Amino acid sequence: MMHIANELPENSILTADICIVGAGAAGIVIALQLIDAGLEVILLESGQIGPSDQAQALYAGEVTDEHLHSPPHRYRQRRFGGTTTIWGGRCMPFDAIDFAARDYVADSGWPFTLQELLPFYPQANQLCEAGQFAYTVESAFDHPLRPMIDHFECRNFTTNTLERFSCPTDFGARYGKKLRSARNVRVLLDATVTALHLNESGQRVVAASVQSLGGRRFSVQAGQFILATGGLEVARLLLASSDVQRSGLGNAHDVVGRYYMCHIAGTIGAIRIERPLHAVWHGYDISDEGVYCRRRLALRPEVQRAQGIGNFIARLHHPRITDPAHRNAVLSLLFLSRPLIPYEYAKRLHGDERSSLRAWAKHIGNVVTGPFDAMAFAWHMLKDRRLAERKFPSIIIKSKANLYSIDYHAEQQPNPNSRVTLTQHRDPMGVPRINVDWRYTRGDVDTVTRSLALLREEFKQGGAGTLHYDPATVEFEMTRYGAYGGHHIGTARMGTDPRSSVTDADCRVHGIDNLYVAGSATFPTSSQANPTLTIVALALRLAARLKQASARGAGFGTVPT
Amino acid sequence: MSALRVLVLGAQQFVGRRLCATLRATDWASCLGDEPAFDERNATALSDALGACDAIVNAVQGSPAQISSAAQSLYELAGPLAARPRIVHLSSMTVYGSAVGDVDENSALRADLGDYSTAQLAAERRAAAYPNCVVLRPGCEYGPECPDWSVRIARLLIARRLGDLGAAGDGYCNLIYLDDLLGSILSALRRPEIAGQAFNLAMPQPPTWNEYFALFAKALGAVPLRRIEQRRLQLETKVLAPPLRIAEIVARGLRLPGRTPAVLSPSLRRTCEHEIRLDSSKARRLLGMQSMTLETGLARAAQSFTAGG
């Protein structure tokens with residue numbers, strides 16, 4: 001069932017066994033798992049089916065340093081399906097090392113190991129429409145693939161791990177019909193939770209206050225509440241719900257909103273691969289299920305430990321688009337198309353830098369001198385991306401000179417001073433807006449600096465080419481576009497100690513019996529991996545636990561009175 | 001002991017033909033009804049055949065009119081027979097209509113999926129009035145040479161006109177391997193104690209259609225699987241299907257050589273979306289129904305298709 005909240009009677013009280021707040025990847029997956037589970041479920045979504053400027057504006061907030069972090073209303077979507085309506089689709093599981101407590105990464109360590117999530121990853125892969133859970137060349141393909149670089153042996157990096165790509169699947173469009181037809185799930189659109197209310201002892205959430213954009217107010221009472229609103233809004237709602245616990249829910253030790261992480265990502269350097277053109281393959285391979293897969297250079301865990309640095313992967317990449325010196329018609333066409341490319345993608349393609357008239361002229365010249373390349377690329381993007389349901393994931397430019405740059409994606413280390421806080425300003429529903437003070441550390445710079453140095457050494461030793469970059473510019477380049485957009489991690493981190501975490505290993509908020517957090521807010525560390533697959537795996541795990549608890553009975557689904 | 005003489009109606013069609021071969025391979029049954037001269041639509045011929053057999057299998061497939069007509073003739077003529085021979089009536093899971101979720105033999109018979117399901121239900125009701133009848137409701141029979149759910153699907157997969165359908169392929173694919181279907185029919189002929197009962201026939205824990213297409217495409221070597229866009233599905237089912245169906249009928253009528261392109265029909269599309277799961281535990285329990293593993297079944301179907309060109 002699906003309803004619009006504004007059509008409910010004023011001051012209605014809705015009841016359910018489970019109330020899920022937020023219909024993004026995590027919220028939708030949990031609701032799907034609870035279909036026909038013998039529980040009444042309410043799924044509250046602040047937005048509508050499609051985009052709404054008014055709903056999106058509820059995300060607006062402040063950032064401490066605009067150079068380092070995008071405005072809070074960017075890179076996330078307040079609508080049914082959440083940010084899966086715009087995500088890029090890159091999937092890969094976290095590595096075993098990501099779960100470990102590492103003495104060289106402060107505040108690292110999950111309350112469980114990779115083994116705990118392995119049973120859930122295959123289904124997560126299916127829900128993301130990323131094919132089978134096979135993330136090495138050997139397990140994903142039953143035939144040999146052409147090597148990334150022929151005769152290139154790496155000591156410090158593996159070259160056989162894959163990233164797989166979702167369609168990218170819009171979870172709202174893909175699974176909305178199932179939720180609408182479920183008899184035990186009520187989806188309410190335009191239903192913004194403005195606060196969660198505790199009982200007097202502060203140990204249970206008794207109700208959620210909900211409001212529509214049209215001003216209709218109602219409340220939801222449920223046996224269990226799950227916050228699945230994304231890494232920034234989870235912190236906001238926990239902090240804003242302060243009627244009983246003045247510092248906010250689960251925030252007795254001032255941890256909510258701290259340890260805020262994204263990823264450290266960037267493009268750097270220039271490398272000419274000393275091999276024939278056909279001996280280099282940096283594009284996609286397609287698995288039997290039709291899923292786009294791409295190999296990366298992944299820093300081995302033993303090297304991470306030996307170097308005392310975080311997780312890191314790299315890919316061969318095209319030269320910087322903004323610099324017309326690449327003389328590539330396709331890249332210049334992309335530069336000239338910048339007004340047509342959504343902000344979330346344009347930022348890393350072009351940055352915010354202004355280009356001179358001369359640069360524009362050179363880009364036009366590049367296109368004019370390579371019209372057939374530009375047309376072929378335009379047709380490829382129309383056919384394989386714009387019109388396709390399974391979209392070609394990114395721009396792959398085969399260099400005719402074997403010239404590439406290095407694109408990397410690195411772990412950001414937990415930092416209590418990187419945080420999300422509430423401001424004095426409130427949105428039209430009276431909820432305080434957030435301020436994002438994203439900060440990176442010396443450890444993050446070290447991860448990228450040392451990894452790049454190792455990579456340069458690998459290329460040199462292997463005779464594959466010389467990676468040229470200025471080590472002095474690494475920090476500048478890794479923050480050129482600020483924090484990697486859309487990966488909002490760690491603001492309600494899991495852990496065993498309430499003094500340094502917000503939720504326990506079951507994603508339940510410390511000290512509150514019936515409040516759970518689903519999503520990347522609970523990740524204690526960020527890995528090199530994009531978060532969505534692990535968000536979905538954790539959501540499946542949480543749903544399984546809720547169903548197990550329900551099967552055990554003991555008043556699990558009882559609405560508090 | 002003399003062999004059980006089994007009259008197979010629909011013996012010129014795929015399942016009936018295979019059933020005759022299976023019956024003949026046993027040491028306890030013989031098959032009637034597949035003689036070229038026998039026309040089951042002729043009431044006199046049918047009446048004579050009924051008088052000369054010990055059991056009947058109604059395996060008539062085809063259009064709603066063919067199903068209705070065959071059932072009417074059979075049960076009108078069989079009703080007065082004093083011997084009350086066992087009739088095994090092959091129905092279809094479409095009698096459950098638009099029901100979703102797990103469906104067993106006690107579930108409501110909605111038959112609300114158009115003329116085909118209505119005709120199947122009407123035929124079942126005639127069967128139910130006959131005292132020594134067993135009704136079998138198979139899902140989608142697959143295996144070597146199975147025309148609808150193996151050959152047609154293989155042709156569409158190889159042509160990349162079928163593949164990963166996204167949400168449109170989330171329905172359950174209630175497959176039954178042909179040998180398992182035939183084994184169940186044989187079992188139903190020999191168990192007097194199950195008279196008057198109905199049985200769902202499908203593999204346990206069926207895959208979704210998307211999973212079926214992915215596995216079958218892999219077995220056929222028709223990979224990588226193609227994602228079929230919604231607008232492409234619309235084009236196939238609404239624009240291409242009608243003329244292709246007409247071409248198929250004309251080609252068959254004129255006995256033209258070669259094959260027309262396979263049809264991706266609106267009903268196939270509906271089936272792929274339909275989240276109904278047949279519970280066939282009763283058939284496993286009382287008929288001793290076997291279930292071929294999907295991997296082996298698909299491998300055999302693919303091998304047969306590839307060998308047949």
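The values are calculated or read from the model by the stated rules, or taken from the named source; none is laboratory data. Predicted model, so just to flag it, every value in this text is computed and none were measured. FYI the Cβ positions are ideal-geometry reconstructions off the backbone, even for glycines, and counts take in every protein chain you see. Protein only, heavy atoms only, side chains kept; ligands, DNA and RNA dropped before computing areas. Shrake-Rupley method; radii C 1.70, N 1.55, O 1.52, S 1.80 Å.
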Residue that is modelled with pLDDT of 95 or more, open to solvent by 10 Å² or more (accessible area, probe 1.4 Å) and more than 30 Å from A:GLN132 (Cβ to Cβ), where the choices are A:TYR259, A:TYR292: A:TYR259
Tell me which residues, restricted to the stretch A:418-463, are among the β-branched types (Val, Ile, Thr) and either open to solvent by less than 30 Å² (accessible area, probe 1.4 Å) or not in a helix (DSSP H, G or I) (or both). A:VAL420, A:THR421, A:THR423, A:VAL431, A:ILE434, A:VAL436, A:THR441, A:VAL445, A:THR447, A:VAL448
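This table checks each residue for (1) within 14 Å of another protein chain (Cβ to nearest Cβ); (2) modelled with pLDDT under 90; (3) touching a Leu at 6+ places or on another chain (Cβ under 8 Å); (4) under 30 Å from A:ILE97 (Cβ atoms).
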site: A:LEU299; (1), (2), (3), (4): no, no, yes, yes
site: A:GLY308; (1), (2), (3), (4): no, no, no, yes
site: A:MET381; (1), (2), (3), (4): no, no, no, no
site: A:ALA388; (1), (2), (3), (4): yes, no, no, no
site: A:ALA401; (1), (2), (3), (4): no, yes, no, no
Looking at the stretch A:68-83, is at least one residue more than 14 Å from every other protein chain (Cβ to nearest Cβ), hydroxyl-bearing (Ser, Thr, Tyr) and closer than 14 Å to A:PHE171 by Cα? yes
Any chance the stretch B:95-103 includes a residue that's open to solvent by 70 Å² or more (accessible area, probe 1.4 Å), at negative phi, in a loop (DSSP other than H, G, I, E, B) and in contact with a strand residue (DSSP E or B) (Cβ under 7 Å, 6 or more places away or on another chain)? yes
Which condition from (1) under 27 Å from B:TRP209 (Cβ atoms); (2) within 14 Å of chain B (Cβ to nearest Cβ) is the one that A:TYR135 breaks? (2)
With respect to the numbered conditions (1) within 14 Å of chain B (Cβ to nearest Cβ); (2) touching a strand residue (DSSP E or B) at 6+ places or on another chain (Cβ under 7 Å), which one is the sole condition not fulfilled by A:ARG294? (1)
Would you mind stating whether A:GLY230 is in contact (Cβ under 8 Å) with a residue 40 or more places away in the chain and closer than 20 Å to A:VAL41 by Cβ? yes
Filtering the stretch B:223-239 down to residues that are hydrophobic (A, V, I, L, M, F, W, C) and within 14 Å of A:CYS167 (Cβ to Cβ), which residue is nearest to the other protein chains (Cβ to nearest Cβ)? B:LEU225
Qualifying residues in the stretch B:148-183 (those that are over 15 Å from the mean Cα position of the chain (by Cα) and among the basic types (Lys, Arg)) - the one nearest to the other protein chains (Cβ to nearest Cβ): B:ARG160
Listing of helices (runs of 4 or more DSSP H) fully contained in the stretch A:41-159 that carry 2 or more residues being assigned by TED's automatic domain parsing to the domain that holds A:ALA521 and on the phi < 0 side of the Ramachandran plot: A:53-56, A:96-99, A:114-117, A:121-127
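Table: residues versus (1) of a type in the set (A, V, I, L, M, F, W, C); (2) in contact with a His (Cβ under 8 Å, 6 or more places away or on another chain); (3) closer than 30 Å to B:PHE216 by Cβ.
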site	(1), (2), (3)
A:ARG272	no, no, no
A:ARG275	no, yes, no
A:ASP288	no, no, yes
A:ILE309	yes, no, no
A:VAL330	yes, no, no
Checked pairs for the stretch B:201-221, first closer than 14 Å to B:GLU141 by Cα, second acidic (Asp, Glu) and surrounded by 19 or more Cβ atoms within 10 Å (Cβ to Cβ), C-beta under 8 Å and 6 or more apart or across chains, list as B:LEU201/B:ASP180; B:MET203/B:ASP180; B:TRP209/B:ASP170
For strands (runs of 3 or more DSSP E) lying entirely in the stretch A:288-371, having 2 or more residues that are outside the structural domain of A:GLY462 (by TED's automatic domain parsing) and within 22 Å of A:ILE271 (Cβ to Cβ) picks out none
In the stretch B:107-120, the residues that are surrounded by 21 or more Cβ atoms within 10 Å (Cβ to Cβ) and either under 14 Å from the mean Cα position of the chain (by Cα) or assigned to a helix (DSSP H, G or I) (or both): B:SER117, B:ALA119, B:GLN120
Looking at (1) in contact (Cβ under 8 Å) with a residue 60 or more places away in the chain; (2) farther than 20 Å from B:CYS140 by Cβ; (3) open to solvent by less than 70 Å² (accessible area, probe 1.4 Å); (4) more than 14 Å from chain A (Cβ to nearest Cβ), find the lone condition where B:ALA247 falls short. (1)
Can B:PHE216 be described as surrounded by 23 or more Cβ atoms within 10 Å (Cβ to Cβ), among the hydrophobic types (A, V, I, L, M, F, W, C) and touching a Lys or Arg at 6+ places or on another chain (Cβ under 9 Å)? no
Conditions (1) open to solvent by less than 20 Å² (accessible area, probe 1.4 Å); (2) in contact (Cβ under 8 Å) with a residue 60 or more places away in the chain -> A:CYS507 fails only (2)
Could you list, in sequence order, the residues of the stretch A:65-84 that are farther than 20 Å from A:LEU538 by Cα and hydroxyl-bearing (Ser, Thr, Tyr)? A:SER70, A:TYR75
Testing B:PRO243 on (1) outside any helix (DSSP H, G or I); (2) out of contact with any helix residue (DSSP H, G or I) (no Cβ under 9 Å at 6 or more places or on another chain), one condition comes back false. Which one is that? (1)
Confirm whether B:SER47 is of a type outside the set (Val, Ile, Thr) and in a strand (DSSP E or B). no
Residues in the stretch A:1-40 that are closer than 25 Å to A:PRO531 by Cα and assigned to a helix (DSSP H, G or I): how many? 9
If you check A:ILE406 against the conditions, is it more than 14 Å from chain B (Cβ to nearest Cβ) and open to solvent by less than 40 Å² (accessible area, probe 1.4 Å)? yes
Among B:ARG152, B:ARG137, the single one that is part of a strand (DSSP E or B) and surrounded by 15 or more Cβ atoms within 10 Å (Cβ to Cβ) is B:ARG137
Given the structure, is B:ALA262 open to solvent by less than 50 Å² (accessible area, probe 1.4 Å), among the hydrophobic types (A, V, I, L, M, F, W, C) and more than 13 Å from chain A (Cβ to nearest Cβ)? yes
Quick one: how many residues across the stretch A:196-218 are in a strand (DSSP E or B), surrounded by fewer than 20 Cβ atoms within 10 Å (Cβ to Cβ) and of a type in the set (Gly, Ala, Ser)? 1
Consider B:PRO192 against the criteria (1) open to solvent by less than 10 Å² (accessible area, probe 1.4 Å); (2) more than 14 Å from chain A (Cβ to nearest Cβ): it satisfies all of them except one. Which criterion is unmet? (1)
